[in-house]
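Participant: Below you will find the structure I want to go over with you.
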Amino acid sequence: MAIFNEEEQLRIRKAIEDAERNTSGQIRICIEKTCSEDPLDRAARYFHQLDMHKTRLRNGVLIYLATVDRKFAIIGDRGLNKLVPENFWDDVKEKMLSHFKYGELVEGIVVGLEIAGEHLQKFFPHQSDGKNELPDDIAFMDGK
């Protein structure tokens, strides 16, 4: 799936690594071209398919984008959702959308990663025995 070139993929991966550096939280980016359902429902399905619900502290975050259909969603696991303010994910989406509407997909994703990382650090600081529980690469999906 050629949505991002190699340099853009590396930039996103580095942003994930930077966001996770000071937290035990785990962040994934999930991309596909089309989404025939509610993007939040699709994100929830991929959240489980990518085993994000299996992190030790239930502090995973998935940023999901369907690029052709221009849909996206952010979903956090219950360990994080019980700690962030009520409209937190909507606020993050708005900041990302301010870049997406100008075609700046990578910049919007990086902004979302930075914000998620800051809040994960606040609620789930890095632990000396912590390990990276999930891959940092982009999950390119085919809609199945």
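Participant: Counting only residues that are surrounded by fewer than 24 Cβ atoms within 10 Å (Cβ to Cβ), assigned to a helix (DSSP H, G or I) and in contact (Cβ under 8 Å) with a residue 40 or more places away in the chain, how many does the stretch 10-28 have?
Facilitator: Counting residues in the stretch 10-28 that are surrounded by fewer than 24 Cβ atoms within 10 Å (Cβ to Cβ), assigned to a helix (DSSP H, G or I) and in contact (Cβ under 8 Å) with a residue 40 or more places away in the chain gives 6.
Participant: Report, by residue number, each residue of the stretch 50-73 that is of a type in the set (D, E) and under 12 Å from E37 (Cα atoms). Before the answer, list the steps.
Facilitator: Taking the stretch 50-73 and keeping what is of a type in the set (D, E), we get 51, 69.
Answer for the stretch 50-73, where residues must be of a type in the set (D, E) and under 12 Å from E37 (Cα atoms): just D69.
Participant: Okay, next question. Of all residues in the stretch 57-75, which are part of a strand (DSSP E or B) and either in contact with a Leu (Cβ under 8 Å, 6 or more places away or on another chain) or of a type in the set (V, I, T) (or both)?
Facilitator: Once the filter is applied, which keeps residues that are part of a strand (DSSP E or B) and either in contact with a Leu (Cβ under 8 Å, 6 or more places away or on another chain) or of a type in the set (V, I, T) (or both), the stretch 57-75 yields G60, V61, L62, I63, L65, K71, F72, A73, I74, I75.
Participant: What number of residues within the stretch 109-129 are in a loop (DSSP other than H, G, I, E, B) and out of contact with any Ser or Thr (no Cβ under 8 Å at 6 or more places or on another chain)?
Facilitator: The number of residues fulfilling the criteria is 2.
Participant: Further, regarding this structure: Name every residue in the stretch 98-112 that is exposed (fewer than 14 other Cβ atoms within 10 Å of the Cβ) and among the hydrophobic types (A, V, I, L, M, F, W, C), in order of residue number. Let's see the steps before the verdict.
Facilitator: Step one: filter the stretch 98-112 for residues exposed (fewer than 14 other Cβ atoms within 10 Å of the Cβ), giving 98, 101-103.
Hits for the stretch 98-112: nothing passes.
Participant: Can you spot a residue in the stretch 35-56 that is under 14 Å from the mean Cα position of the chain (by Cα), more than 21 Å from K131 (Cα to Cα) and not in a helix (DSSP H, G or I)?
Facilitator: No: zero hits.
Participant: What residue, of H48, H126, is at pLDDT below 90, more than 20 Å from I12 (Cα to Cα) and surrounded by fewer than 16 Cβ atoms within 10 Å (Cβ to Cβ)?
Facilitator: Answer to the selection: H126.
Participant: Search the stretch 60-75 for residues that are free of Cβ contacts under 8 Å to residues at least 40 places away in the same chain and pair each with any residue that is open to solvent by 10 Å² or more (accessible area, probe 1.4 Å) and basic (K, R) when their beta-carbon atoms are under 6 Å apart and the residues are at least 6 apart or on different chains.
Facilitator: L62/R28; V68/K33
For every residue, the table says whether it meets (1) out of contact with any Cys (no Cβ under 6 Å at 6 or more places or on another chain); (2) modelled with pLDDT under 95; (3) of a type in the set (A, V, I, L, M).
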residue: R78; (1), (2), (3): yes, yes, no
residue: K93; (1), (2), (3): yes, yes, no
residue: G108; (1), (2), (3): yes, no, no
residue: A116; (1), (2), (3): yes, yes, yes
residue: H119; (1), (2), (3): yes, yes, no
residue: K122; (1), (2), (3): yes, yes, no
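The values are calculated or read from the model by the stated rules, or taken from the named source; none is laboratory data. Owing to the predicted nature of the structure, the values given are computational and were not obtained by experimental measurement. Ideal geometry is used to build each Cβ from the backbone, glycine not excepted, and the neighbour counts take in all protein chains shown. Side chains are part of the model used for accessible areas, which takes the heavy atoms of the whole protein and leaves out ligands, DNA and RNA. Shrake-Rupley method; radii C 1.70, N 1.55, O 1.52, S 1.80 Å.
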